[in-house]
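Have a look at the structure below before the remarks.
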Amino acid sequence: MRVLVRRGWGPRPVGGGPGGRPSPQWRALAGLGASPGGEDGRGVRVREKPPWRVLFFGTDRFAREALRALHAARENKEEELIENLEVVTVPSPSPKGLPVKQYAVQSQLPVYEWPDVGSGEYDVGVVASFGRLLSEALILKFPYGMLNVHPSCLPRWRGPAPIIHTVLHGDTVTGVTIMQIRPKRFDVGPIIKQETVPVPPKSTAKELEAMLSRLGADMLISVLKNLPESLSKGRQQPTEGVTHAPKISAGTSCIKWEEQTSEQIFRLYRAIGNIIPLQTLWMDNTIKLLDLVEVNSSILTDPKLTGQPVIPGSVIYHKQSQILLVRCKVICMEHLLSSVGAAVMVRNSERTRISTTSELAAVQ
C-alpha cells in the first residue's frame with residue numbers, strides 16, 4: 001500500500017490493490033470515486049452519495065463564502081447534501097479571530113485550531129485559503145480526499161496570493177479552480193472543475209475577491225452534488241503556463257517613480273492598497289499614499305505645466321485642482337496623454353492630493 005500511495009501523487013494514473021483492483025480510498029484519491037458500498041483503508045464504510053460529512057479548512061473572507069455555502073446546504077434539509085460540517089482554522093492574534101472562525105462560532109459549528117483537526121469521521125475535506133501544507137496522512141483520512149477552492153485558473157497563479165497577482169499583473173481573465181489536494185505541495189493537484197470570468201476594468205483585489213468567492217462557493221456545491229462523478233472527470237494540470245503568486249511584503253508597497261509607470265502604480269494600489277498603504281520617500285521621509293483617483297486629462301494640458309522638469313519623481317503643485325502632480329517612468333511618446341493617477345498623501349496628519357503620471361506632457 002505504501003508504494004501505491006507514493007505513485008498516487010504523480011501525473012501517471014494511479015494503480016490499485018492486489019490484482020489491479022483499486023481500493024475505495026485509492027479510487028477517491030485518483031479521482032475515480034469510491035466503490036459502491038465499499039470500505040476505505042481504515043474499515044470505514046464509504047458513502048457513494050450525499051449527504052456528506054465535511055471538514056472545512058479556511059481562514060479569510062474568500063474562505064468564509066465557501067463555508068457559508070456549505071452551512072446553507074447543511075441547513076437545507078430538503079436537499080440533504082451535507083450531514084455534518086466542522087471547521088479547522090489557524091490561530092489569530094486578533095481577539096475577534098479570522099473571518100472563518102467568526103462565522104463558524106456565530107453559526108455554532110465545531111471549530112478546531114490547527115494543527116488540531118478533530119477526531120471525527122468525514123467523507124471529504126474542503127480547503128479554501130488555508131495556507132498550510134497538508135500531509136499525506138491527513139489527506140488519506142478522507143475517503144474522497146480533499147478539495148481546494150482556488151481563485152485562479154490553475155496552473156496560473158499557484159500560491160497564497162492569486163487574486164493580488166491577478167490585479168497586479170493586469171490580467172484580463174481570471175476564474176476559480178476546484179482541485180484535489182496533493183500532499184506537501186501547493187496547488188498542483190488534478191483539476192475537478194474550472195470556470196473563467198473577465199476581470200472587471202479597474203477592479204480592486206478586494207472587489208475581485210468578493211466576486212470570485214461567490215463563484216467558488218457555487219462551484220463547490222455543484223461538485224459536491226455529484227462528487228464521485230466529478231472526481232472521475234478530474235484532469236491533470238497543464239505543464240505550460242505555470243506562474244506563482246507569493247505573499248506580498250511591505251516592501252512591495254514602495255513606489256519607485258523612476259521604475260514604474262502610472263499604470264503599474266495604479267495596479268499596485270488596486271492590488272494591495274486596502275492591505276498595505278503605498279509609500280514613497282519625500283525629502284528623506286517615508287510618506288504613505290492612502291488613496292488613488294483618476295485625474296481629469298485637462299489638467300495635463302494646462303499651459304502652466306509645460307516646461308517643467310522631466311525627471312521621474314519630480315513634483316509640482318497644481319493650484320487650480322489643489323493636487324501635487326508627480327512624474328513617473330516614461331514609456332514612449334505614444335503614452336503622452338494616457339490616463340493618470342492621483343493619491344491622497346498623509347504626512348504629519350495632514351492630507352495632500354498627489355497625482356501620478358507617466359506622460360511627458362504631464363511633467364508635474
Requested in this report: DSSP loop (so not H, G, I, E, B), at most 14 other Cβ within 10 Å: list which trypsin sites (Lys or Arg not before Pro) in the range 236-293 pass both filters.
Outcome: Lys247, Lys256
Report summary line: Where a ≥ b ≥ c are root eigenvalues of the Cα gyration tensor, a/c under 1.5 meaning rounded, otherwise prolate if a/b exceeds b/c and oblate otherwise, the range 171-289 counts as prolate
Report summary line: From highest to lowest solvent-accessible area (probe 1.4 Å; ligands, DNA and RNA excluded), Asp116, Asp284 read Asp284, Asp116
Requested in this report: Output the peptides 224-235, 153-164 sorted from most to least packed, where packing is the average of other Cβ atoms within 10 Å over each peptide's residues.
Outcome: 153-164, 224-235
Query raised in the report: In Å, what is the Rg of the alpha-carbon atoms in the range 72-165, and how long is Dmax?
Result: 14.6, 40
Query raised in the report: Can you list the lysines whose alpha carbon sits under 29 Å from that of Lys96, skipping same-chain ones fewer than 8 residues off?
Result: Lys206, Lys247, Lys288
Report task. Determine by what factor the alpha-carbon radius of gyration of the range 80-232 differs from 2.2 N^0.38 Å, reporting the quotient. Result -> 1.06
Query raised in the report: If you add up the charges near Glu229, with Lys and Arg at +1 and Asp and Glu at -1, over every other residue whose beta carbon is less than 11 angstrom from its beta carbon, what do you get?
Result: +2
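The values are calculated or read from the model by the stated rules, or taken from the named source; none is laboratory data. Note that the structure is predicted; figures quoted are calculated from it, not measured. Glycine gets a Cβ as well: all are built from the backbone with ideal geometry, and neighbour counts include every protein chain shown. Just the protein is used for accessible areas: all its heavy atoms, side chains included, with ligands, DNA and RNA removed. Shrake-Rupley method; radii C 1.70, N 1.55, O 1.52, S 1.80 Å.
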